[in-house]
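Read the figures in this text as sums done on the coordinates, not as results from a lab. A quick note: this is a predicted structure, and the numbers were derived from the prediction, not measured. Using ideal geometry, Cβ is built from the backbone for each residue, glycine included, and neighbour counts are taken over all protein chains shown.
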Amino acid sequence: MKKRIIAFAALALTGCAQLASLTGFSISQSELQSRLNQQLDGWSQDLGKELGVETHIDQLDIKLADQKARIDVGGEAALSRLFKAVPLAIHLSVEGTPSLEGKAVYLRNVRLLAAKADLLGYSGSLGPDTSAMGKWLTQYLDNHPVYRIPDSSPFAHIPLNMTVGDGKLQFKAAN
């Protein structure tokens with residue numbers, strides 16, 4: 001009988017140790033940026049369809065801090081002028097609040113911070129209200145998750161809370 005109690009106690013302690021490891025996890029800023037970089041071709045195609053011009057987004061930088069996420073993107077759009085494509089370099093900065101909804105993290109309350117363009121030697125800022133690309137990016141981020149918890153993760157099946165720390169998204173089991 002004593003052996004069974006000791007074996008049960010050891011099993012219970014092992015189970016508690018495993019549950020302790022399931023209390024939370026985090027995603028680093030660099031890991032999130034890497035995942036978003038894998039989506040840039042899709043972003044380019046969607047933006048091109050929306051604006052009716054060929055686009056190529058090839059730069060992305062994300063900063064996580066103070067419950068906010070700032071995303072800077074850059075790329076080119078090929079404007080057509082008398083059968084010749086004219087390259088327009090674009091740089092956009094947006095900021096939003098990451099929000100955990102189910103198993104996905106969305107950027108909510110997205111606002112355009114800056115929009116700049118370089119065209120044939122002209123370099124200047126676009127007004128935040130006039131940038132069609134900025135409007136597209138804010139709408140896109142509001143409707144497409146920036147991170148999704150994999151179905152294979154043990155955290156995909158439990159309620160979670162999320163906070164944004166310096167350089168990471170932190171997930172903890174909800175109480």
Notebook entry, point to check: For the pair His144 and Arg35, how long in nm is the line joining their label points, each one 7 Å along Cα→Cβ?
Noted result: 1.5 nm
Notebook entry, point to check: Cα to Cα, under 12 Å, and not fewer than 8 places away if on the same chain: which aspartates and glutamates meet these conditions relative to Lys116?
Noted result: Asp72, Glu76
Notebook entry, point to check: Tally Lys and Arg at +1 and Asp and Glu at -1 over the other residues with C-beta under 13 Å from the C-beta of Glu95: what net charge comes out?
Noted result: +1
Next item on the list: Could you calculate the contour length gain from Lys116 to Glu54, that is, 0.36 nm times the residue separation minus the distance between their Cα atoms, to one decimal place in nm?
Entry: 20.5 nm
Next item on the list: Mind sorting Met162, Met1, Met133 by how few other Cβ atoms lie within 10 Å of their own Cβ, fewest first?
Entry: Met1, Met162, Met133
Check: Which percent of Cα pairs goes in each bin when the distances of region 30-175 are cut into 5 angstrom slices starting at zero?
Finding: 2, 9, 18, 21, 18, 13, 8, 5, 3, 2, 1, 0, 0
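Hey, which of these cross-link pairs are over 19 Å Cα-Cα: Lys68/Lys168; Lys135/Lys168; Lys103/Lys172; Lys63/Lys168?
Flagged as over cut-off: Lys135/Lys168.
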Item checked: Likely footprinting exposure, Leu88, Leu169, fewest C-beta neighbours within 10 Å first -> Leu88, Leu169
